[in-house]
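Take a look at the structure set out below.
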Amino acid sequence: MAIKLTDIRFHYSGQPNNRVLNIPSWSLKTGEQAFVQGPSGGGKSTLLGLLSGLLTPSHGQVTVLGERLDEMSGRQRDQFRASHIGYVFQQFNLMPYINAIDNLLLAARFSSRKNSNLLKDEIKTLFGALNISEKEWYRPTRDLSIGQQQRVAIARALINKPQLLIADEPTSSLDKANRDAFMKLLMPMVVDNQMTLLFVSHDLSLSSYFTKVESLSDFNSSEAIG
Amino acid sequence: MLAKLSIHSLMDRKGSVMLSLMAMTVSIFVLLGVEHIRHQAKDNFSSTVSGVDLIVGGRTGSINLLLYSVFRIGAPTNNIRWQTYENITNSKQVKWAIPISLGDSHKGYRVLGTTKNYFQHFSYGKKHHLEFFSGHKFDRLFDVVLGAEVASKLGYKLGDKVALAHGIASTSFSKHDDRPFTVVGILSATGTPVDQTLHVSLQGIEAIHIDWQQGVKTSNSTITQSELEQADLQPKSITAFMLGLNSKIATFQVQRAINEYTPEPVVAILPGVVLSELWGMIGVLENTLLLVSALIFVSACLGVSAMLLASIRERRYEIQLLRIVGAPPYVLFLLIELEVLMITLLSCVLAGGLLAVCLAVLHDTLVSHYGLNIEINLLTEDSLYLIAAMLSASIIVAVIPSFSGYRKARATSV
């Protein structure tokens, strides 16, 4: 199991009556590519916060890659996230004022990998695989187009060779052509690296790319807004 | 990597960072400047007179004696008899003596009657002797040697005639204009009260007062120049005198002997000791100045912190991104501290450079107008301590935005 949620309840501190999540049980098998559809405000961000270890549940067990996140300390969760989880946002995936290579070096900085001699070579290989041309490596990432930025964002998410990749509406700011290009680039990377993918979006038209399609409201029984 | 990130982040917010940097630079400039000038002024001040072991004058307070004999400030309480001077200086322990006679002035500058010993033995700073910018010591009765400032401010050159005035006010109604003095020498600038003094011989002082009684000129002087030169112009009293001793060890012994001199009430002071007492009194002012500049610096620190605190809100995506790649919350704390440290460091460099340039440009003006000989080298031990203190202060003040960043990072989710 890549992800296993048991008896999860979550409310923000000070608002015990406003339960955002109530998930009796949900899991994702290793190597699965899951599409979870949910409208904004359906507890989606909270779920991803729990899975990435930025939030801890008010009740229940969060097991990611066999480790109990809810039993770890903050430092351990940070370390775990850096080393094992890749994350792609809708936007602001990169520090806009530093270049693509530095963005990847920054992401590698907090992971458990120590050997940095090979890191630059790996970054360049990764850029090659994601069709990021050399002249874009050294420009501040804000100067890149949105499509280019999202490709560098994939590279940033993959640089630490995570076993779990979480994509949070990564295509929502892209037009159709860029969206398809993005998916065609992402999916083989996921398959080749045998990663588990959790892709969250409101855009059901993308569901054909995935082995498992679910709606958040199917397993979250909470009605609250969050 | 963090340093690189903070540099780029600062450069990304050029506008507000530049303004903070300028505020910081100005405040550090003021603080470094005040501290540097303060030290230099103190050095200058304490070295107003050096190599003089004792100053002897009529019984009065020690600071008063120092003020009128060295700084030409205020009026002597009592003159001392020439006999006393001779008795004391005849002692075996006395190496040399410089008699001083004050009381006249020229356009607000004091006139000092003395002997040639003055040019030979008086020293200031690190045992610098007086040097002639042009001309030579006084030889004849009506020769005068000018201090550097007197010559430059009043535009005198060698050969000019100078009429002295009785008393010490800048506008005097009783002038010794019947017996003008000739400028024969001009001293180099020293940064001490010597620059503001006209030096004549003791006999010259006697000569211009020869037909005066009770401080008033008797009408129509009939004594001619040649008669004067022949006359016995041995002074009957002088204001004070400076002593150089054969052995420093004997200083206290000689001082006590002079203080116990019975024929006339006299007092001997150690100039170094009294100078530091006097500086202690002036010190209140300079400490106030230092305090004010320290407060300016603290306000600049607070300004930088406020700028960073305000920026935290607009940087919430940066914080989120750092958290998602695994940065623990304390990294945000470090990052913001680092940014403050960099602004402060850069400001120190800029302010130091600016101050060095200013001092270099103003060096000559400061010496000639204010008698302040300020060294340009800023890298003294004291200024390094000051810079270290400023860096520490900025780090402490930066805790406010840094902690805010830390809390923001802790509370961040996706």
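The values are calculated or read from the model by the stated rules, or taken from the named source; none is laboratory data. Given the structure is predicted, the values throughout are model-derived calculations rather than measurements. Note: ideal-geometry Cβ built from the backbone for every residue, glycine included; neighbour counts use all protein chains shown. Just so you know, the surface numbers come from the protein's heavy atoms only, side chains and all, with ligands and any DNA or RNA stripped out. Shrake-Rupley method; radii C 1.70, N 1.55, O 1.52, S 1.80 Å.
Numerical summary
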| read-out | value |
| --- | --- |
| Dipole of the protein assembly as shown, positive direction: furthest Cα of A:107, B:385, B:237, with charges on the beta-carbon | A:107 |
| FRET efficiency, residue B:362 to residue B:210 (Cβ-Cβ, R0 35 Å, nearest 0.05) | 0.15 |
| Long-range HN-HN contacts of residue A:27 with modeled amide H, under 5 Å | A:5 |
| Approximate spin-label separation residue B:90-residue B:161, in nm, with each point projected 7 Å along Cα-to-Cβ | 4.2 |
| Shielding by other protein chains, A:52-60, mean Cβ within 10 Å | 2 |
| Solvent-accessible surface (1.4 angstrom probe) belonging to residue A:71, in square angstrom, nearest 10 | 120 |
| Of the DSSP H helices in chain B, those whose Cα atoms cover at least 30 Å axially and whose Kyte score averages 0.0 or more | B:14-46, B:271-314, B:329-370 |
| Lys, Arg +1 and Asp, Glu -1 on Cβ, resulting dipole of the protein assembly as shown about Cα centre, debye, nearest 20 | 1340 |
| Set of aspartates and glutamates with alpha-carbon distance to residue B:236 below 20 Å, sequence-local pairs under 8 removed | B:86, B:104, B:206, B:211, B:227, B:264 |
| Interchain or long-range residues, amide H under 5 Å from residue B:54's placed H | B:243 |
| Paramagnetic reach from residue B:236 in segment B:65-89 [backbone N under 11 Å; point 7 Å along Cα→Cβ] | B:82 |
| DSSP bridge pairs, the protein assembly as shown: antiparallel proportion in percent, nearest 5 | 65 |
| Convex hull volume of segment A:69-191 per residue (C-alpha atoms, cubic angstrom) | 107 |
| Largest-first ordering by accessible area, 1.4 Å probe, given options B:399, B:162 | B:399, B:162 |
| Percent of Cα pairs exceeding the 49 Å cut-off, where the set is the protein assembly as shown | 46 |
| FRET E, pair residue B:107, residue B:299, Förster distance 45 Å, beta-carbon r, rounded to 0.05 | 0.50 |
| Packing-based ranking, highest mean first, of A:93-102, B:132-141, B:64-73 given that Cβ atoms within 10 Å are counted | A:93-102, B:64-73, B:132-141 |
| Area accessible to solvent at residue B:12, 1.4 Å probe radius, in Å² | 60 |
| Sequence-separation-based contact order of chain B, relative, with Cα cut under 8 Å and 6+ spacing, percent | 26 |
| Relative contact order computed over segment B:26-146 (Cα-Cα under 8 Å; 6+ residues apart), in percent | 24 |
| Karplus (6.51, -1.76, 1.60) ³J(HN,Hα), θ = phi - 60°, over segment B:373-379, in Hz, Gly and Pro reported as x | 9, 9, 6, 7, 4, 8, 7 |
| Cα→Cβ-extended label distance, 7 Å offset, between residue B:42 and residue A:191, nm | 7.9 |
| Residue mean of other protein chain beta carbons inside 10 Å, B:328-341 | 1 |
| Mean separation of Cα contacts under 8 Å, 6 or more apart, over the residue count of chain A: relative contact order % | 32 |
| Sparsely packed GluC sites (Glu not before Pro) within segment B:81-152, loop by DSSP, other Cβ within 10 Å at most 15 | B:131 |
| Neighbourhood net charge (15 Å Cβ-Cβ; Lys/Arg +1, Asp/Glu -1) for residue B:282 | -1 |
| Cut-off under 5 Å, modelled amide H: who pairs with residue B:186 long-range | B:133, B:134, B:135, B:136, B:146 |
| Hydrodynamic radius by Kirkwood, which averages 1/r over all alpha carbon pairs of segment B:47-163, in angstrom | 15.8 |
| Overall Cα dimensions of chain A, principal axis frame, Å, largest first | 52, 39, 31 |
| Cα point-scatterer Debye curve for segment B:255-414, base-10 log of I(q)/I(0) at q = 0.17, 0.20, 0.21 Å⁻¹ | -1.06, -1.24, -1.30 |
| Peptide A:87-98, shielding by other chains (average Cβ, 10 Å cutoff) | 5 |
| For the protein assembly as shown, with +1 on Lys and Arg beta carbons and -1 on Asp and Glu, the positive-most of B:184, A:1, B:39 along the dipole | A:1 |
| Accessible surface ranking that places the most exposed of A:195, B:22, A:189 first, with a 1.4 angstrom probe | B:22, A:189, A:195 |
| Förster-model FRET efficiency, 60 Å R0, residue B:256 and residue B:314, C-beta, rounded to 0.05 | 0.20 |
| Cross-link reach list, aspartates and glutamates versus residue A:176, counting only Cα pairs under 18 Å and skipping chain neighbours closer than eight places | A:168, A:203 |
| Chain lengthening between residue B:178 and residue B:379 when straightened (0.36 nm per residue, less Cα-Cα) | 66.9 nm |
| Within chain B: Cβ-based charge dipole about Cα centre, in debye rounded to nearest 20 (Lys, Arg +1; Asp, Glu -1) | 1280 |
| Principal axes of segment B:248-342: Cα extent on each, largest first, Å | 92, 26, 15 |
| Rg followed by Dmax, in Å, when chain B is reduced to its Cα trace | 30.6, 107 |
| Between segment A:103-181 and segment A:7-40, the Cα center-to-center distance that results, in Å | 28 |
| Whole-Hz ³J(HN,Hα) from phi, Karplus 6.51 cos²θ - 1.76 cosθ + 1.60, for segment A:157-174, glycine and proline x | 5, 9, 4, 9, 6, x, 8, 10, 10, 10, 10, 10, 6, x, 9, 5, 9, 9 |
| Share, in percent, of DSSP beta bridges within chain A that are antiparallel, nearest 5 | 45 |
| 222 nm mean residue ellipticity, helices alone, for chain B (DSSP H n ≥ 4; -39,500 (n - 2.57); rounded to 500) | -17500 deg cm²/dmol |
| Portion, in percent, of the accessible area of chain B that falls on carbon or sulfur, probe 1.4 Å | 61 |
| Antiparallel bridge percentage (DSSP; both residues within chain B; nearest 5) | 80 |
| Inter-probe distance in nm under a simple model that places probes 7 Å from Cα toward Cβ, at residue B:391 and residue B:413 | 4.1 |
| Heavy atoms of residue A:113 accessible to a 1.4 Å probe, total area in Å² rounded to 10 | 70 |
